[in-house]
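Here the structure is laid out as structure tokens; the discussion comes afterwards.
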Amino acid sequence: MTESAAGSAARQVVTRFAPSPSGHLHVGGARSALFCWAFAHGRGGRFILRIEDTDQKRSSDAASVGFLKDLAWLGIAWDEGPEYGGCGGGPNGPYFQSQRLDIYNREFERLIGSGHAYCAFDTPAELEAMRADAKARGVAYRYDRTRAVSLSKREVDALLAAGTPAVIRFRTPEGPITIRDEILGEATLPAGEVDDFVIRKADGFPTYHFAVVVDDALMGVTHVLRAQEHFNNTAKHMVLQDALGYPRPIYGHMPLIVNPDGSKMSKRDKDKVLRKAVKERGIATPPGGCVPAERWTRWLADSAVQLDLEEATALAAALDVTLPEINVDDFRRSGYLPEVLCNFLALNGWSPGQNIEKFDNAFLAERFDLKRVVKTPAKFDRVKLLSFNCDAVTGMAPERYVALSRAHGHAYHPAFMARLSDAQFDALAAASQPRSKTLEDLFRSNRFLALDDSEIRWSDAKAVKKHLIEGNPSGLDHVRALRGVLDGVAAPWTSAALEVAITAYAQSAAEGQLGKVAQPLRVAVSGGTVSPPIFDTLAILGRDSTLARIDRCVAAVTASATS
RNA sequence: GGCCCCAUCGUCUAGCCUGGUCUAGGACACCUCCCUUUCACGGAGGUAACACGGGUUCGAAUCCCGUUGGGGUCACCA
């Protein structure tokens, strides 16, 4: 490498997204990743993904993979990090903190050696008692190092040799600490605010504060962009950097994304919705046994207990409630487009100005800067997101819509896909695109197409009454007459041919009011009042199904009317 | 509660740094009307905000102070 290249490399912007793999990537995390990616890429820099799995109790490999998958789906590619789908690799690995313990241990030694850190043997119970005592006295709890540092080296070694559980604490220097932040400006924490925090846990793993500082330094991170909840932690990171002789990265703390009611977005929100519905309706046992009885009881009693995704989904379906989308994967399942999610997420906390709202990630990378990041938390407005998604879905090329819908169907509605031929699906997609807000709409509002003719039920009493029973002639009369008209339609059975025949019938029998015959027909073939345009609907169903459903409808409604 | 941060329509935000062009702009939502075979889309209008109180100034959404309100954080979680 030439000297000038080395010089420019040293100045290259490096950002990182460092999630802890407990649970799923939620939208707040996704936005952090997006901004980090955009900031680096807009400046010819590098974006690193690092997995902060230092909590052995909470981390899981499955969650790590889930994060990678979600990020990749969003189109947020990382230049360095775990290898997945063509992303990752790099010279600064490993990128899982659980694999970097020797590095941390080396740095712990340095800190102990230089007197910046010390071993402490307090038990969790003792610490708890000290916190309780401080609270009882109405004073802020700060760790008191007196006892720990009074131990001689020999005493410490003896305790360690005896296997006494020990943590390492950082000896925080006295004095106020001023944090400089590119988004929030400057803030000074008074002396004494930061106490001697733990940097190595009893299990030998580093705490977040320690690992994040070491890794950011070793990986050459120049800009730390993270959520505002980390703002106060920055003071800890700064004193650690000073003690370890690391350069200080530039900080930018981004506003949180919160629920519409202002509460923090949480994985528990789904359980919250379900619990509320269950309690409001006084449901005592899990409907359809969707949750094991013993778990059900514990779940109802303890708001900290969470249902699995499968259980929650089943229960939501049984209660007919919609679960709030929290995680990136939730939005994917719900049929949102990744580019729309990115666009919308970017608008929560940042805007390009000039009344521009619709843009892609390339534009974001080009225009994103810290100056335009707002300081206030954003309430996540799903309705506006839905509107954006609608615009994108209805506005995309039809071929793309068909392809995306197919993929979505195969991933989430295999049974539906199995019932329809390719030609039927193409026709359905063509009819659905203009009226779809998400990729899910096609499947959600056309279930009747994927049912066997014999499975259609006319159980919507209101619809049956209004569109089949009432009127003179009644809707059912029209349907009966239409049965003959349709039977007489010459092949091919196309939307256009059906339109000619049905419109002609409406002219002669309903004063040209298509609605008088379309709605009864719709109810007859679908069992409900909602479907794609009636001609398309019948064309997709085909002649045999259409006639069969009409016959069954006439028989069923006549029978129930006379009984 | 201590400490830190923040404050423009219901929501996301533009404007604030470099006071006047702001009778505060856009988007989503909402309301009205139109279109219409259901659903949805679309079209035309409309309602709607500078939290409050003091300053500074000829002039403040923009600068300063206070109040109130909101958020964050106080773990061997990250």
For this session: Specify the residue that is modelled with the lowest pLDDT; the eligible residues are those in the range A:81-97 that are out of contact with any Leu (no Cβ under 7 Å at 6 or more places or on another chain) and at negative phi.
Result: A:Gly93
For this session: Take the range A:115-134 and flag every residue that is in contact with a Phe, Trp or Tyr (Cβ under 7 Å, 6 or more places away or on another chain) and without any contact (Cβ under 8 Å) to a residue 12 or more places away in the chain.
Result: A:Arg131, A:Ala134
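I'm trying to understand the selection: among the residues of the range A:75-92, which are part of a loop (DSSP other than H, G, I, E, B), of a type in the set (Gly, Ala, Ser) and free of Cβ contacts under 8 Å to residues at least 60 places away in the same chain?
Step one: of the range A:75-92, the residues part of a loop (DSSP other than H, G, I, E, B) are A:75-79, A:85-86, A:90-92.
Narrowing further to those that are of a type in the set (Gly, Ala, Ser): A:75, A:77, A:85-86, A:90.
Matches in the range A:75-92: A:Ala77, A:Gly85, A:Gly86, A:Gly90.
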For this session: Mind listing just one residue for me: the one in the range A:252-298 that is without any contact (Cβ under 8 Å) to a residue 40 or more places away in the chain and within 30 Å of A:His237 (Cα to Cα) and, of those, surrounded by the most Cβ atoms within 10 Å (Cβ to Cβ)?
Result: A:Arg268
Exercise. Just for helices (runs of 4 or more DSSP H) wholly inside the range A:114-162: which have at least 1 residues that are among the aliphatic types (A, V, I, L, M), touching a strand residue (DSSP E or B) at 6+ places or on another chain (Cβ under 9 Å) and assigned by TED's automatic domain parsing to the domain that holds A:Pro206?
Worked result: A:146-150, A:153-161
For this session: Kindly indicate the residue of the range A:370-395 that is in a loop (DSSP other than H, G, I, E, B) and in contact with a helix residue (DSSP H, G or I) (Cβ under 8 Å, 6 or more places away or on another chain) and also farthest from RNA strand B (Cβ to nearest atom) among those meeting that condition.
Result: A:Phe380
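Tell me whether the range A:313-321 contains one or more residues that are surrounded by fewer than 21 Cβ atoms within 10 Å (Cβ to Cβ) and touching an Asp or Glu at 6+ places or on another chain (Cβ under 9 Å).
Of the range A:313-321, the ones surrounded by fewer than 21 Cβ atoms within 10 Å (Cβ to Cβ) are A:313-314, A:316-321.
With the extra rule that they be touching an Asp or Glu at 6+ places or on another chain (Cβ under 9 Å), the set shrinks to none.
Checked the range A:313-321: no residue is surrounded by fewer than 21 Cβ atoms within 10 Å (Cβ to Cβ) and touching an Asp or Glu at 6+ places or on another chain (Cβ under 9 Å).
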For this session: State all residues of the range A:305-338 that are assigned to a helix (DSSP H, G or I) and under 12 Å from the mean Cα position of the chain (by Cα); if no residue qualifies, say none.
Result: A:Val328, A:Asp329, A:Asp330, A:Phe331, A:Arg332, A:Arg333, A:Pro338
Exercise. Restricting attention to the range A:93-114, does a residue exist that is within 30 Å of A:Asp79 (Cβ to Cβ), among the hydrophobic types (A, V, I, L, M, F, W, C) and without any contact (Cβ under 8 Å) to a residue 60 or more places away in the chain?
Worked result: yes
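Checking the conditions here, which among A:Val278, A:Val305, A:Val239, A:Val291 is out of contact with any Asp or Glu (no Cβ under 8 Å at 6 or more places or on another chain) and not assigned by TED's automatic domain parsing to the domain that holds A:Thr178?
Numbers: A:Val305 fails: out of contact with any Asp or Glu (no Cβ under 8 Å at 6 or more places or on another chain); A:Val239 fails: not assigned by TED's automatic domain parsing to the domain that holds A:Thr178; A:Val291 fails: out of contact with any Asp or Glu (no Cβ under 8 Å at 6 or more places or on another chain).
Every option except A:Val278 fails the conditions.
Among the residues of the range A:421-435, count how many are within 16 Å of RNA strand B (Cβ to nearest atom) and either closer than 22 Å to A:Asp544 by Cβ or in contact (Cβ under 8 Å) with a residue 60 or more places away in the chain (or both).
Residues of the range A:421-435 within 16 Å of RNA strand B (Cβ to nearest atom): A:427-435.
Of the ones still in play, those that are also either closer than 22 Å to A:Asp544 by Cβ or in contact (Cβ under 8 Å) with a residue 60 or more places away in the chain (or both) are A:427-432, A:435.
Here the count works out to 7.
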For this session: List every residue pair whose Cβ atoms sit under 8 Å apart, with the two residues 6 or more apart in sequence or on different chains, where the first one lies in the range A:348-365 and is free of Cβ contacts under 8 Å to residues at least 60 places away in the same chain and the second, anywhere, is in a helix (DSSP H, G or I) and within 6 Å of RNA strand B (Cβ to nearest atom).
Result: A:Ser351/A:Arg372; A:Pro352/A:Arg372; A:Gly353/A:Arg372; A:Glu357/A:Leu347
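Conditions tested, residue by residue: (1) on the phi < 0 side of the Ramachandran plot; (2) aromatic (Phe, Trp, Tyr); (3) near RNA strand B (Cβ under 9 Å from one of its atoms).
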| site | (1), (2), (3) |
| --- | --- |
| A:Gly192 | no, no, yes |
| A:Asp203 | yes, no, yes |
| A:His209 | yes, no, yes |
| A:Asp215 | yes, no, no |
Exercise. Has the range A:227-249 got any residue that is in contact with a strand residue (DSSP E or B) (Cβ under 9 Å, 6 or more places away or on another chain), part of a loop (DSSP other than H, G, I, E, B) and among the charged types (D, E, K, R)?
Worked result: yes
Exercise. How about the range A:339-368: which of its residues are within 16 Å of RNA strand B (Cβ to nearest atom), of a type in the set (A, V, I, L, M) and part of a helix (DSSP H, G or I)?
Worked result: A:Val340, A:Leu341, A:Leu345, A:Ala346, A:Leu347, A:Leu364
Exercise. Does A:Phe425 qualify as being part of a helix (DSSP H, G or I), outside the structural domain of A:Arg522 (by TED's automatic domain parsing), touching a Gly at 6+ places or on another chain (Cβ under 7 Å) and not β-branched (Val, Ile, Thr)?
Worked result: no
For this session: Determine, yes or no, whether A:Ala411 is closer than 15 Å to A:Leu541 by Cα, hydrophobic (A, V, I, L, M, F, W, C) and outside the structural domain of A:Val525 (by TED's automatic domain parsing).
Result: no
For this session: Answer with yes or no whether A:Gly475 is in the same structural domain as A:Ser531 (by TED's automatic domain parsing), modelled with pLDDT under 95, touching a helix residue (DSSP H, G or I) at 6+ places or on another chain (Cβ under 7 Å) and on the phi > 0 side of the Ramachandran plot.
Result: no
Exercise. Of all the residues that make up the range A:508-563, how many are part of a helix (DSSP H, G or I) and within 12 Å of RNA strand B (Cβ to nearest atom)?
Worked result: 18
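Please tell me if A:Leu439 is aliphatic (A, V, I, L, M), under 14 Å from A:Glu339 (Cα atoms) and surrounded by 16 or more Cβ atoms within 10 Å (Cβ to Cβ). Full working, then the answer.
On the way: aliphatic (A, V, I, L, M): yes; under 14 Å from A:Glu339 (Cα atoms): yes; surrounded by 16 or more Cβ atoms within 10 Å (Cβ to Cβ): yes.
Yes; evaluated as a whole, the condition is true for this residue.
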For this session: Could you please find all residues in the range A:140-190 being more than 11 Å from RNA strand B (Cβ to nearest atom) and acidic (Asp, Glu)?
Result: A:Asp144, A:Glu155, A:Asp157, A:Glu174, A:Glu182
Problem set entry | Filter result for the condition that a residue is in contact with an Asp or Glu (Cβ under 7 Å, 6 or more places away or on another chain), assigned to a helix (DSSP H, G or I) and closer than 17 Å to A:Asp215 by Cβ, over A:Ser98, A:Ser59 | A:Ser98
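The values are calculated or read from the model by the stated rules, or taken from the named source; none is laboratory data. This is a predicted model, so every value here is computed, not measured. Cβ: placed from backbone, ideal geometry, glycine included. Neighbour counts: every protein chain shown.
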